[in-house]
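Report on the following structure.
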Amino acid sequence: MTSLTASLARRPRRSLLALLLFVVLAGVLGGPVAGALENSGSFTPPDADSVTALDRIEAATGRAAGPGVVLLLTPDEGAPSPDEAAAELAAVPGMSEVVSSDDAPPGSGLVATDGDSSLVVGTLDADADEEAVAQDVLDGIGSRDGVDAGGQEIAGLQIGETVGKDLGRAEALALPLLLLLSFLFFGGRAMVLPLAAGGTAVLGTFLVLAGVNEVYGLSVFALNLVIGLGLGLTIDYTLFLVTRYREEVARQGATPAAIATTMRTAGRTVVFSAATVAVALATLTVFPLGFLVSMGIAGAVVAVVAATASIVVSAAMFGLWGEKLVRRSRRSAARTGAPDDAGRWYRLSHAVMRRPGAVAVVTAVVMLGLALPALQATWTPIDATAIPTSQSARTVSDAIAADFSGRADSALTVAVATDGPDGGADVAAYAEQVAALDPAAAVADPVPLDADTWQLDVEVPGEPSGPAARELVEQVRDLDAAGVQTWVAGPAAEFVDQQAAIADRLPLAVALLVGLTLLVLWLMTGSVVLPVKSVLMNALTVGTALGALVFVYQAGRFTDVLGYTPNGGVEPTDFLVTSALVFALSTDYGVFLLGRIKEARDSGLPERESVAVGLQRTGSVVTAAAILLAVAIGAFATSSISFIQQIGVATAVGVLVDAFIVRSLLVPALMGLLGRWNWWAPLWLRRVHDRVGFAEGGQDDVLPQADATGAHPGLASTRDQSGSDVGPDDEVVRARP
């Protein structure tokens, strides 16, 4: 890293020109990925029983297993009749079968209970382009007076379009605020760094994802994560780099040595930080759900690209502007005159460490109390409430639930395969078994699809994916049916399969998340205690964020402010994405604090003094970074797609709690309690770390030697005019390996 960044700094204009060419190339090749991500992301494993059922039915019939388009017809001047609407819908390319209320059998539920409105349902060809069909419907019959178009395919298209609009709105709201905060926190021309690095990171990630999308279809929802996390991380990373560079210029002047020291210390920490974020989000890919895999891939890629962009941009800008980046910092230092042992974070740290046990217990108890609502989480699937009320698909869904006695599709769809001469009799007997499971369920007559495949539709009281339907799915799958093989599909079956997949892979994901985080932190610190402690504190932060998620969205609070429709629970993949994201960002801030504490300790300061100095040097920076990241990620809260909004709100809460409570109170309290045991590791593991771990050191990384009382007088009394913490008469020690 030192040689690379030195090369960038020696030729800053050439480096920035090359970076500009890369950004243009990334924009041309990667920019279109925003419109290429047509997949909303599967929430069901591809090998699940419910997916197999649909595949079996589609293979037998050549059409989808259930209606994908539903038209709601309401009385209006110039509105088409049911037959006219059905004829126009049937003319759409890719439409296989259309049924209207005029030719549906009695009891089909296609006429409203008040008789004023009716439904027309359309089933697509198995190989149809769903998005093209949905767009044709919206542009054609769906644009007629008295017609609202809905159904699964229309909802998918409208959600994808809404994501694009939400991104534009979020950027319009967040970017001006980020610019203002960046100017306040960075000062002067230094605010150019996060802007340049952020744009490079987002477009660079788009370029990578464009290639990934050619191999694996990514979810359109990954765009939210790329933009929010990309901007947030680059702002954080450049802020840490600029802050450290200003310190080094105060000590060494605007020299290549200052850049080298910055990159060897803060740059190295940025790399560790990006590694922790990337590995945490990458653990989402172990779940066989397209939505989670997409978020995991996008999150890991944007973390790596953000770190790379921040280091490259910062090194080039340091070489180009040098002293100009620190003028504001020197004026501030002269005005405040606050050395490391006189700042408010230094004083806070020592105040906490005077009663570390009490502070640690109280803080942990408060955070556990905030996390308690997470234990009462109720899992609910993604349903029509996720669709904005302004969309026609939501209008149709709400009308079906409120005004129609039946439904446009079945709660359960069972694919039944036979292989004997008495196949029809075996299927009929199986249908009787299903009907006996729940007297309230309406079991339709089995329909033969081909020589050995039948379809059995089952209506269940309540929501198609509600508790009653999910319980019946389990019962149907447990039936011992003679002479037939069965697969169950439908909204309830898909949710049951999703839950099973999450439960199956959750232990592996948690083990990888914890194990990889421990490994990265051990490589950084050489300690066994600090990584374990960091994981436990991260768990508290994650619990607090999830508690806020349940408190707000499951209970249906602040609906007017946030503009969502509660459905009595939380979608489980939101829990997983939020957990990984908050865990990653908590580790991110912990890495920066631990890096400065370790550096102070390695320079010879006593245990508690190194904690206080480390917190003084990072407290303001971490706080500013958390605010900036909360704004960038919190922009998700403006989304009209509720489960994307939930991720933004919960993550912003987690980031702020981690910066203002965990890093300010819990970290110094626990480090004060443990003292030198913070850095303990078995001797054999220490030897391994000496071989494979990472450490920096050198003549530049020095601090005044602490005296027997733990004070380090040179910091306060012998600062030179440049603001250096090392005076000519200070006794110094080299960093220990």
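Normalised by the number of residues in region 124-236, what is the relative contact order in percent for Cα pairs under 8 Å and 6+ residues apart? Don't skip to the answer; put the middle values down first.
Working: 49 pairs, mean separation 27.4, N = 113.
Contact order relative to length: 24 percent.
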Legend entry - Residues residue 503 and residue 24, FRET efficiency given R0 of 56 Å [Cβ-Cβ distance, rounded to 0.05]: 0.75
Inset, instruction - Measure off 7 Å from each Cα along the Cα-to-Cβ vector at residue 674 and residue 519, then give the distance between these two points in nanometres to one decimal. - result: 2.1
Legend entry - Per-pair calculated FRET efficiency, R0 = 60 Å: residue 510 and residue 447 via Cβ, rounded to 0.05: 0.85
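Over the chain, with every protein chain in place, what whole percent of the accessible area is carbon and sulfur at 1.4 Å, could you tell me?
59
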Inset, instruction - Please compute P(r) over all alpha-carbon pairs of region 7-96, binned at 5 Å starting from zero, and give each bin as a whole-number percent. - result: 2, 9, 9, 10, 10, 10, 10, 9, 7, 6, 5, 5, 4, 2, 1
Legend entry - Nearest-10 value in Å² for the accessible area of residue 438, using the 1.4 Å probe: 40
Inset, instruction - Round to a whole angstrom and tell me the spacing of the C-alpha centers of region 188-258 and region 517-569. - result: 24
Legend entry - Gained length - residue 214 relative to residue 116, 0.36 nm times residue gap less alpha-carbon distance: 30.5 nm
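Could you please report the charge total around residue 629, scoring K, R as +1 and D, E as -1 over all other residues with beta-carbon less than 14 angstrom from its beta-carbon?
-2
Tell me, what is the percent relative contact order of the chain, built from C-alpha pairs under 8 Å that lie six or more residues apart?
Numbers: 1344 pairs, mean separation 137.1, N = 737.
Relative CO of the chain lands at 19 percent.
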Inset, instruction - Could you state the accessible area per residue of region 401-559 in Å², with a 1.4 Å probe and every protein chain left in place? - result: 42
Inset, instruction - Quick one: dipole size for the chain, taken about the Cα centre, charges +1 on Lys/Arg Cβ and -1 on Asp/Glu Cβ, in debye to the nearest 20. - result: 7360
Inset, instruction - Using +1 at the Cβ of each Lys and Arg and -1 at the Cβ of each Asp and Glu in the chain, identify which of 7, 233, 440 lies farthest towards the dipole's positive end. - result: 7
Inset, instruction - Give a residue-ordered list of calculated ³J(HN,Hα) values for region 85-102 (Karplus: 6.51 cos²θ - 1.76 cosθ + 1.60, θ = phi - 60°; whole Hz; x for Gly, Pro). - result: 5, 5, 5, 5, 5, 5, 7, 5, x, x, 8, 9, 8, 10, 10, 10, 5, 6
Inset, instruction - Before anything else, pin down the relative contact order of region 203-293: Cα pairs under 8 Å, at least 6 apart, normalised by residue count, whole percent. - result: 26
Legend entry - Estimated FRET transfer efficiency when R0 is 22 angstrom, pair residue 11-residue 175 (beta carbons, to 0.05): 0.10
Inset, instruction - Treat every Asp and Glu Cβ in region 189-327 as -1 and every Lys and Arg Cβ as +1, leave all other atoms uncharged, and give the resulting dipole magnitude about the Cα centre to the nearest 20 debye. - result: 440
Legend entry - Segment residue 475-residue 557, length gained on full extension (0.36 nm per residue, minus Cα span): 26.0 nm
Inset, instruction - Sort 159, 57 by accessible area with a 1.4 Å probe, largest first. - result: 159, 57
Inset, instruction - Figure the gain on full extension for residue 687 and residue 145 (residue separation times 0.36 nm, minus the Cα-Cα span) and round it to one decimal in nm. - result: 187.4 nm
Legend entry - Viscosity 0.890 mPa s, temperature 25 °C, Stokes-Einstein D of the chain from Kirkwood C-alpha radius, µm²/s: 87
Legend entry - Solvent-accessible ranking of 459, 432, 571, largest area first, probe 1.4 Å: 432, 459, 571
Legend entry - Estimated vicinal HN-Hα couplings, Hz - region 429-436 in sequence order (Karplus 6.51, -1.76, 1.60; Gly, Pro = x): 5, 5, 4, 5, 4, 5, 4, 6
Inset, instruction - Using label points projected 7 Å from each Cα along Cα→Cβ, tell me how many nm separate residue 379 and residue 344, to one decimal. - result: 4.5
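The values are calculated or read from the model by the stated rules, or taken from the named source; none is laboratory data. From a predicted model like this one, the values you see are computed outputs, not experimental measurements. Neighbour counts run over all protein chains shown; Cβ positions are idealised from the backbone, glycine included. Each accessible area value is taken on the protein alone, full model and side chains, heavy atoms only, with ligands, DNA and RNA left out. Shrake-Rupley method; radii C 1.70, N 1.55, O 1.52, S 1.80 Å.
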